[in-house]
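Some notes on the structure that comes next.
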Amino acid sequence: MAITTVVGASGQILAVTVDGAQAQALASQYSSAVSGVSGLTSYDLVPGSNSSFSAGVSQGVITQSGSYSINGDVQYIAAGSYAPQDTLTGSVAIDLSKNTASSVSLLTGAWDGASVVAGDQNGSFVGGVGNNVFLGTGKTGSWNIATGSGNDTILGTNGNNTIDGGTGNNLIYLGSGTNVVRSEGQDTIDGSNGTDTVTLLGGSSVVNLHANATVYDTTGSNSVTVGNNSFITGGSSSTYFTTGASATVSGGLNDTISAAGDLQQIRGTGNTISVDGSLSFLNGTGNTTITAGNATMFGASGLNAQFDGTSGYSLFVGTGGDETISAASSHGVLEAFASNGGNTTVIGGTGADTLVGGTGNATFTGGSGGSNLFALNNGTAGGDYTVTDFGSAAGNLMALYQYGLQNNNGLQNVLSAATVAGGNTTIALNDGSKITFVGVTDLKASDFTLS
């Protein structure tokens, strides 16, 4: 906690108790602003109606608990105690609905909290110690609000608001303007109409926002719902719901992500992802579970993905290091390109899948579907490849592109030089590639397609 002092009526020093870094910063701004006003007149306010303020810049001073209505042009209001007395021990209610000032600044430090009813003016509100309430629903002004460690209720105006609820368990409801919220506590934040940016610093908060929202989850265990065209920076072990046609989630560790439309997920680690529409998955890693209508997936080193494509065509591209993708439960068609470097494992699903080797080593399983195509391209291959179930389904083919094996008995020469051992067959190509067909001892030219 900190004490902010301002000069009150008759030159007396008013002490206002505030806590929380943002509230203290705003309190200091209030003190500096008041001290810099030439010809400022301070009035001791009394519970009930207060009016008849002289022309010029006015400051209303509250030193006892009660309800106050400000019916005049008052630009500054401070609630505290005249040092050294501790007179402001109860709660304070301040009604600004009849305050005619275009902008008003409030600095309050009541031990039982302050309650403010806003008018249509702009303003700033420091809610110090205690549980504070700010009521701005339906008003048009723009406000900068900061409170302390109490459990505060903040109903924002339809203007553009900047809000920091402090470290308590806060209820924050946002209006239709452009709002910025810094959540330090375990908060409930609702923004059903505006364009909102929320930074979560405390964890275990519940956030429900409209379209075009931005959420920065710097902690974890938060529950966040956003609308169309929204962006989330992921935290740890949080839950995210996107309800619109498209959204983006960047990063995240062990998060659960659900999307009613399309989703872009970037650089996540160990997330569980469920997308009704199309998924764009970029540079994800860790033990990841993906369910999507269809997906375009670019992995990263350390990815171990379980993928279910519920319909249509999906693409996987390994980008380096050791990567695994299993589409064993997938119902769509998968085209997968193993990474250039490291070890890639690809398991197909029920569709007719295409699995293509890169320059690294790869293990391919076509899955339960038939007519799978396993492929190498001369110039982008050169590793050791294992096909675990080549003979398990009719129509499986091995494609060898740009090797020229269709000429001069090239394929037959490769097959004649094959090694059969332990029930498996291994062939070698002129670029250093080796392909082992597990459980196959009778490779035929008809098992290959060439170009």
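The values are calculated or read from the model by the stated rules, or taken from the named source; none is laboratory data. Not measured: the values here are computed from a predicted model. When we count neighbours, we look across all protein chains shown, and the Cβ atoms used for this are built from the backbone with ideal geometry, even at glycine. Please note that ligands, DNA and RNA were not included when accessible areas were found on the heavy atoms of the full protein model with its side chains. Shrake-Rupley method; radii C 1.70, N 1.55, O 1.52, S 1.80 Å.
Some observations on this one:
- Summed side-chain charge close to Ala292 - residues other than Ala292 whose Cβ falls under 15 Å, Lys, Arg +1, Asp, Glu -1: -4
- Taking the C-alpha atoms only, the angle from helix 21-35 to the longest principal axis of the chain is near 40 degrees.
- Accessible surface ranking for His331, His210, 1.4 angstrom probe, highest first: His331, His210.
- Counting Lys and Arg as +1 and Asp and Glu as -1 over every other residue whose Cβ lies under 11 Å from the Cβ of Gly342, the net charge comes to -2.
- For region 54-71, backbone phi angles converted through the Karplus equation (6.51, -1.76, 1.60; θ = phi - 60°) give residue-by-residue couplings of 6, 5, x, 8, 10, 10, x, 10, 10, 10, 9, 5, x, 10, 10, 10, 9, 10 Hz, Gly and Pro being listed as x.
- Dipole of region 128-217, positive end: most advanced residue of Asn160, Ile172, Gly148 [Cβ charges, Cα centre]: Asn160
- Per residue Cα convex hull volume in Å³ - calculated over the chain: 142 Å³
- Under 25 Å from the Cα of Lys98 - lysines, other chains or at least 8 residues apart: Lys139
- By the helix-only formula, in which each DSSP H run with n ≥ 4 contributes -39500 (n - 2.57) and the sum is divided by residues, the chain has a 222 nm mean residue ellipticity of -1500 deg cm²/dmol.
- Largest accessible area first, the residues Trp143, Trp111 order themselves as Trp111, Trp143 under a 1.4 Å probe with ligands, DNA and RNA left out.
- Cα gyration tensor, region 187-308 - rounded (a/c under 1.5), prolate or oblate: oblate
- Cross-link partners of Lys434 among lysines, defined as those whose alpha carbon lies under 18 angstrom from its own and excluding same-chain residues fewer than eight positions apart: Lys444.
- DSSP loop trypsin sites (Lys or Arg not before Pro) with at most 16 other Cβ within 10 Å excluded, longest remaining stretch of the chain: 268-443
- Placing +1 on each Lys and Arg Cβ and -1 on each Asp and Glu Cβ, with no other charges, gives the chain a dipole about its Cα centre of roughly 340 debye.
- For region 93-217, a/c is not less than 1.5, where a ≥ b ≥ c are the root eigenvalues of the C-alpha gyration tensor, and a/b does not top b/c. That puts it in the oblate class.
- Shape call, region 305-451: gyration tensor on alpha carbons, a/c limit 1.5: prolate
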